[in-house]
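First the structure, in the form of structure tokens, and then the observations on it.
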Amino acid sequence: MEKLTDYPYTFNLAGETIEVHKSMIRKITVDGIEQKVSLDGVVVGLSHSEENNDYVIVIQYPVGIYMITKKYGWLGPFETAEEITYDVESGIPVLKGQKEGKSGLYML
């Protein structure tokens, strides 16, 4: 997982351009359609995988940490988010962090 402190952070995935700001995510599809989402939280990290055509954006809210993934939508809350990797066999993102007081690996 890349921890973000400089914004905007831009990456390309399957022909789409994703631009991550401190409190906004902007995506331009392969058809040139712009999509934006404003956030009440702060983007603190992300991970993306071209091989799995997926990304996970980590957002810190006052009530916990939530994730937005390309394939699975919104996930959370988590207390901590230390690392995000992708399971080799399934391609599913895996979070190393803490949820409900229990530290471990959580498939997203």
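Throughout, read-outs are computed from the coordinates displayed, never taken from laboratory work. All values derive from a computational prediction rather than experimental measurement. As a convention, Cβ positions derive from the backbone with ideal geometry for all residues, glycine included, and neighbour counts pool all protein chains shown.
Sub-7 Å Cβ pairs linking a first residue in region 1-15 that is over 21 Å from GLY97 (Cβ atoms) to a second residue that is of a type in the set (Val, Ile, Thr) and assigned to a loop (DSSP other than H, G, I, E, B), at least 6 apart or interchain, are GLY15/VAL30, ordered by first then second residue. In region 64-73, the residue that is surrounded by the fewest Cβ atoms within 10 Å (Cβ to Cβ) out of those that are in contact with a strand residue (DSSP E or B) (Cβ under 6 Å, 6 or more places away or on another chain) and without any contact (Cβ under 8 Å) to a residue 40 or more places away in the chain is LYS71. Residues that are over 22 Å from TYR106 (Cα atoms), in contact with a Leu (Cβ under 8 Å, 6 or more places away or on another chain) and among the small types (Gly, Ala, Ser) within region 18-76 comprise just one, SER23.
Residue by residue through region 18-41, note down the ones that are in a strand (DSSP E or B), loosely packed, with under 15 Cβ neighbours inside 10 Å and not acidic (Asp, Glu). Matches in region 18-41: MET24, GLN35, LYS36, VAL37, SER38.
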